[in-house]
Each structure stands twice: as C-alpha cells, then as structure tokens.
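What follows is a set of notes on a single structure, which appears directly below.
The values are calculated or read from the model by the stated rules, or taken from the named source; none is laboratory data. Values in this document were obtained by computation on a predicted structure and should not be read as measured data. Cβ sites come from the backbone with ideal geometry, for glycine too, and all protein chains shown count toward neighbours. The accessibility values were calculated without ligands, DNA or RNA, using every heavy atom of the protein model including side chains. Shrake-Rupley method; radii C 1.70, N 1.55, O 1.52, S 1.80 Å.
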Amino acid sequence: MNKTTIWLATLSAFLAGILIAFAGSTSGARISGVSVYVLVVVGTFAMQWLSFLPSWFQRTEKFFDLMGSVGFLLAAWVAITLSGTFEIRAVIVAGCITVWAARLGLFLTSRIIKSGSDRRFDKIKQDFSLFFMTWTLQALWITVTSSAALVVLTSLESSFTIDAWLLVGVSLWLAGFTIEAIADFQKSRFNQQPKNEHEFISSGLWAWSQHPNYFGEIMLWIGIAVIALPGMRGWQFITLVSPLFVWLLLTRISGIRMLDEGTNKRWGNSPDYKQYVRRTSKLIPWPPRL
C-alpha cells in the first residue's frame, strides 16, 4: 500500500464517520445549533489522533486497545451528559457499553502487558502514515459500532417505559456479553498453562465454536441495536449498520480471517487440528459434528 492510498483511506475513514454522524443526528439533541451526535463523533476522532502522538514518538502499540475502550466510554457518557438524556433506554445502553468496554479494555491491556507487544503492529508502528491510519480506523470502529447506541444516547424523547424491544435487546446483550467473557476467560486460562504452549484450545465454548468470543461480540451489539430501534427516525435507521459492521469486521476483514491464517500456519498439518476444524462450527456455537 503506497502513501497516497494510505492517506486516501485515512480521509475516507474520517468522512465515513462524519456521514454516519449526520445520519444519526437527524432528530437528536443540539447545543447552540450543533448536533451532540456530530460533536461526539468529531471528539472521538480527535481523541484517537491525540492518543496517536505519544504512541508514535514512543513507537508503541501498548495504548492502542486501551484507548479504544476509553473511546467507547467517553462517547457514551459525553453523549448522554450533553444531551441530558437520562431515560431508561439511554441509561441501560450507557451501562451496557461501560461494562463491555471496561472488561474488554482491561482484558486486552493486561494481555499486551504480559506479552510485551502485538505482532500486528511490528511494521505498522514504524510508518507514520500507516500508524496514523490505524488510529483513524479505530475512531471509525468506535463511531460505527456505537452508532445505533448514540441514537438513544442523544435522543430528545423522554420515554421511561419498559417494552418488548428493551427486554429482548437487553437479553441479547446479556447473552452475548456472557459468551464473550467466558470464552476469553477460558482461552486465557488455557494459554497460561505451560503444557498448552504448543496446543490449540478445543474445550469449553471452544468445543462448540472456533470463535465463540466473536459470536458473543456480534450478539451483544445486535442487542444494543434492538434497544435503539424504536427511537429511530428517518436517516437514523442507517445506524442499524452497527451490528452488520461488527459482523463484517470480525468475519471478513480482521478477526477470523487473520486468526485463521495464523492457526493454519501453526497447526494446519496437525490431524487433530484438521479434525477440530471439520467438526466445529466456525462462528455460531453448535454441538460438534460427528
């Protein structure tokens, strides 16, 4: 990828975030005529760019995952605070994002502290434009993933009712969060055991899915979208791209695709691994095939 392509991709990511912001802000709260939704998205990009500077000077990726989680937290609570939207849907959505971001941020940060580095960044962090693009893409990830949530968090409606949409959405979020957290815990515990240094995990939730943590991640964002759906108007329905974006990111762009490349290089010739791949669902947890 040449420099021109990198900078065009960076600009495109920012413009995509702004377009999502304007679509999501159709009927939301405003401050001095400016949409709170748009302010939050612009602030999200600004925060990631500011975080990029010390990371670039130190040539380190150690703050990357942490600032991603902080970005979600700030986006949620700045949105709800500036909008003054403290109705039940907004509070629940903000709470769900807080719990998810705090757990994931601590998990990923502790993992990189233990390992000392993330191999994905070995080349990226040595190139200014490429590293900057990576931080910009993280801002886009935060923006698009939380787009449906931000509709609720910047809404002017004052509805304190508990309906079926809310109950179904919360149930989906709880199920997804639980699956993701358990899967991450099981894999982390498995990798901590010296005897498993050269082994792949195929127990617990991983016996039913090759990527149960990603399934949980997709499910919890579907839950957030379901909670947000009743309050959407006009162009705001575009923000339903949120769970679709998460699915696309985890199954087609990075996530599964990148992990499978690594595992195939490491265990691709192993009969046990081949049998595991043949018997085990790629994403949706399901009893192993005979």
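What to note about this one:
- When the chain is treated as a Gaussian network with alpha carbon springs shorter than 10 Å, the biggest mean-square fluctuation among 154, 44, 109 belongs to 109.
- The chain - accessible surface per residue (Å², probe 1.4 Å): 50
- Packing-based order for 236-242, 213-219, using average beta carbon neighbours within 10 Å, highest first: 213-219, 236-242
- Among 262, 223, 169, the residue with the largest mean-square fluctuation in a Gaussian network model of the chain, with springs joining Cα atoms closer than 10 Å, is 262.
- Between the stretch 143-202 and the stretch 1-72, the alpha-carbon center distance in angstrom: 22
- In terms of the mean number of neighbouring beta-carbon atoms within 10 Å, the peptides 191-200, 31-40, 49-58 order highest first as 31-40, 49-58, 191-200.
- Number of Lys pairs (Cα under 20 Å; 8 or more positions apart or on different chains) in the chain: 16
- Surface share of carbon and sulfur [accessible, 1.4 angstrom probe, percent] for the chain: 68
- Residues considered: 245, 45, 128. Largest GNM mean-square fluctuation over the chain, using C-alpha springs under 10 Å, is found at 128.
- Burial order of peptide ranges 176-185, 275-284 (average beta-carbon count within 10 Å, highest first): 176-185, 275-284
- Summed over qualifying helices (DSSP H, 4 residues or more, each -39500 (n - 2.57)) and divided by its residue number, the chain shows a 222 nm mean residue ellipticity of -22500 deg cm²/dmol.
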